[in-house]
Amino acid sequence: MKIESQQTRQHIIDSGYQLISTKGFSNVGLSQILTFAKVPKGSFYHYFKSKEQFGEEIINSYFNAYLGYIDQLFLPQNGTGLERLMSYWQYWQTTQNTCSVEQKCLVVKLSAEVADLSESMRLALDKGACAVIDRLAACIQAGIDDGSLPMMHASITAEMLYQLWLGASLKNKLSLDPNALERVLQLTMALLAQPNSALK
């Protein structure tokens with residue numbers, strides 16, 4: 001694909017992400033996306049086979065950027081394993097509470113909506129979430145190795161904490177309580193400081 005075509009394709013994906021992260025997948029039509037992107041309506045199927053494939057590409061593009069951010073955040077020069085891990089949760093808290101809608105977690109936004117709607121989108125979301133958990137587990141293991149975290153099962157702890165934050169973020173959307181994620185942050189610190197036997 002030519003560079004210009006690649007740029008146009010990515011522009012449609014970025015435009016679709018802005019709309020879908022705000023309104024949801026089902027509530028946004030192709031004509032609305034293309035009008036927002038200022039791209040001729042007849043060109044959509046030149047780049048995507050279907051709206052479902054377009055949705056999958058939005059998810060993949062989101063995770064490419066998100067995982068790149070995590071990789072930078074978790075670089076060894078950014079502190080101990082514990083410090084890097086807590087920086088991630090603080091970033092999550094900030095984006096969920098204060099940032100614009102399109103900067104918030106796409107897994108929180110789309111999981112319930114598309115899980116039964118599209119198998120390919122469900123799998124893309126699950127693959128991305130698993131990649132996040134793998135990075136969290138590696139950071140937890142780094143914290144165990146450098147002594148900033150006590151002994152625990154890194155993979156189980158990573159999965160448990162990710163699920164905790166996903167659930168709390170969904171509840172936060174319902175209650176609009178800015179302190180909800182602060183309480184989860186404090187709980188996360190306590191769990192990491194004194195993991196129970198199930199996490200060891």
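Screening the candidates 131, 142, 137, 115 for the property of being within 25 Å of residue 81 (Cα to Cα) and in contact with a Lys or Arg (Cβ under 8 Å, 6 or more places away or on another chain) yields one hit, 142.
The residue of region 125-177 that is modelled with the lowest pLDDT, among those that are of a type in the set (S, T, N, Q) and surrounded by 14 or more Cβ atoms within 10 Å (Cβ to Cβ), is 172. Just the residues that are closer than 14 Å to residue 58 by Cα and touching a Ser or Thr at 6+ places or on another chain (Cβ under 7 Å), please, taken from region 105-161. 105, 106, 109, 125, listed by residue number.
Tell me, please, whether a residue that is surrounded by 14 or more Cβ atoms within 10 Å (Cβ to Cβ), more than 21 Å from the chain's Cα centre (by Cα) and within 18 Å of residue 118 (Cα to Cα) can be found in region 11-18. No: zero hits. State whether one or more residues within region 27-42 are in contact with a helix residue (DSSP H, G or I) (Cβ under 7 Å, 6 or more places away or on another chain), in contact (Cβ under 8 Å) with a residue 24 or more places away in the chain, open to solvent by less than 90 Å² (accessible area, probe 1.4 Å) and part of a loop (DSSP other than H, G, I, E, B). Yes, because at least one residue in region 27-42 is in contact with a helix residue (DSSP H, G or I) (Cβ under 7 Å, 6 or more places away or on another chain), in contact (Cβ under 8 Å) with a residue 24 or more places away in the chain, open to solvent by less than 90 Å² (accessible area, probe 1.4 Å) and part of a loop (DSSP other than H, G, I, E, B). Considering the conditions (1) open to solvent by 70 Å² or more (accessible area, probe 1.4 Å); (2) free of Cβ contacts under 8 Å to residues at least 12 places away in the same chain; (3) assigned to a helix (DSSP H, G or I), residue 116 is excluded by exactly one of them, (3).
The values are calculated or read from the model by the stated rules, or taken from the named source; none is laboratory data. Note that the structure is a prediction, hence the values are computed from the model and not measured. Glycine also receives a Cβ, built like all others from the backbone with ideal geometry; neighbour counts cover every protein chain displayed. Quick note on the areas: whole protein, heavy atoms, side chains included, nothing else; ligands and nucleic acids left out. Shrake-Rupley method; radii C 1.70, N 1.55, O 1.52, S 1.80 Å.
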